Structure formats: C-alpha cells, structure tokens
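The values are calculated or read from the model by the stated rules, or taken from the named source; none is laboratory data. Treat the numbers as computed from the prediction; the structure is a model and nothing was measured. FYI the Cβ positions are ideal-geometry reconstructions off the backbone, even for glycines, and counts take in every protein chain you see.
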C-alpha cells in the first residue's frame with residue numbers, strides 16, 4: 001500500500017513539474033524588435049502562450065496609460081525579485097495599451113536567432129554574427145553586452161546568458 005502511494009505521489013509530482021515547465025521544452029526563435037516565439041512586441045500575450053510555455057509562474061498587472069509603460073510582468077520560468085533566472089520574463093504596457101508586450105527577456109532556454117546565436121555561445125562568435133553590434137556593459141551587473149536594433153545580448157563569463165527583445169529605436 002505504501003509503495004502504491006509512493007508511486008502515485010512521484011507520478012503526480014513529475015506530471016505537475018512537466019506541465020509547469022513547458023517553456024523549457026520550447027524552441028524559441030528570437031526576432032530583434034519583433035518577437036520571441038509567439039510573444040510579439042506591441043501585441044497582447046497570445047492565448048496559445050499558455051499551451052506552448054505553460055501557465056505563468058508569476059504575474060503583475062501593468063499600470064494604465066503612458067505613465068505605466070513597462071510596468072506589468074509575466075514570468076514563464078523562475079525569477080527572483082523580477083531578476084530572471086531561467087525562462088521568459090515578459091514586460092507589459094508599451095505605452096499604447098497596457099496589455100501589450102513592451103519587451104521580452106530570455107535566459108537559459110532553447111532560444112536562437114535567425115543568424116544562429118544561441119545561449120552559451122562565445123562573445124566573439126556572436127560578435128562575428130553581428131559585426132555592427134555595439135559593445136557595452138550592463139549598468140546593473142557590469143556584464144558585457146552587444147546591442148543591435150531590437151535586441152540586447154548579455155554575456156556572463158564570456159558566454160551568451162541572456163537575450164532581451166526590445167522595441168526598435
């Protein structure tokens with residue numbers, strides 16, 4: 001009896017973990033200034049995001065109006081004080097509509113760009129893919145960055161650790 005209960009408990013825990021981790025199985029095409037997978041800048045998070053990435057692990061309502069720009073958050077994955085550890089962090093309110101996506105942060109997921117950049121890639125290899133990218137430094141962490149219109153690459157220990165899809169400027 002105890003063995004049956006143990007097996008059922010482990011099965012339940014594994015199945016709920018898998019359901020909550022759909023984002024970790026998705027391959028996500030990152031399009032600078034446009035989208036990360038099905039999540040597009042300037043549009044509400046689509047209904048099929050839940051099917052592809054699972055139920056959000058965290059959500060905060062955006063503040064209305066232009067003053068609330070970049071104020072709401074949806075996390076598919078793990079974050080601590082809105083510092084993304086693994087998964088996707090979607091920032092809401094693009095200044096036009098509070099439900100619209102403003103930016104998307106991706107970290108330690110199966111994401112790639114059409115030019116071939118992916119997580120773990122060496123700084124110089126990403127720089128070779130994007131020779132016009134501007135070198136910089138993250139103001140909070142001091143990590144090296146490469147920036148192209150609509151996309152910021154963040155490097156830790158000389159390897160690509162984070163991609164941030166932002167509006168084209």
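Would you be able to say whether some residue in segment 121-133 is in a loop (DSSP other than H, G, I, E, B) and within 20 Å of residue 44 (Cα to Cα)? Don't jump to the end; show me each part of the working.
Of the residues in segment 121-133, the ones in a loop (DSSP other than H, G, I, E, B) are 121, 130-133.
Checking the rest, the ones that are also within 20 Å of residue 44 (Cα to Cα) come to none.
Checked segment 121-133: no residue is in a loop (DSSP other than H, G, I, E, B) and within 20 Å of residue 44 (Cα to Cα).
Can you give me the number of residues within segment 87-117 that are assigned to a strand (DSSP E or B) and over 8 Å from the mean Cα position of the chain (by Cα)?
Final tally of qualifying residues: 10.
Going residue by residue through segment 22-42, is there one that turns out to be under 18 Å from the mean Cα position of the chain (by Cα), loosely packed, with under 15 Cβ neighbours inside 10 Å and at pLDDT 80 or above? Talk me through it step by step, then tell me what you get.
Taking segment 22-42 first, the residues under 18 Å from the mean Cα position of the chain (by Cα) are 22-42.
With loosely packed, with under 15 Cβ neighbours inside 10 Å added as a condition, the list becomes 25, 27, 29.
The next check asks that each one be at pLDDT 80 or above; those that pass are 27, 29.
Yes, that holds for at least one residue.
Can you tell me which of (1) buried (at least 18 other Cβ atoms within 10 Å of the Cβ); (2) touching a residue at least 12 places away in the same chain (Cβ under 8 Å) is the one residue 118 doesn't meet?
With (1) buried (at least 18 other Cβ atoms within 10 Å of the Cβ); (2) touching a residue at least 12 places away in the same chain (Cβ under 8 Å) applied to residue 118, the lone miss is (1).
Based on what the data block shows, is residue 71 at pLDDT 95 or above and surrounded by fewer than 23 Cβ atoms within 10 Å (Cβ to Cβ)? So that I can check it myself, show each step before the final result.
Values: at pLDDT 95 or above: no; surrounded by fewer than 23 Cβ atoms within 10 Å (Cβ to Cβ): yes.
No; evaluated as a whole, the condition is false for this residue.
Answer yes or no: is there a residue in segment 98-112 that is closer than 17 Å to residue 27 by Cα, surrounded by fewer than 20 Cβ atoms within 10 Å (Cβ to Cβ), touching a helix residue (DSSP H, G or I) at 6+ places or on another chain (Cβ under 6 Å) and modelled with pLDDT of 95 or more.
no
I need every pair where a residue in segment 60-85 that is at positive phi and in a strand (DSSP E or B) has its Cβ under 8 Å from the Cβ of a residue that is modelled with pLDDT of 80 or more and surrounded by fewer than 13 Cβ atoms within 10 Å (Cβ to Cβ), sequence separation at least 6 or different chains.
Final answer for the pair search is 77/85.
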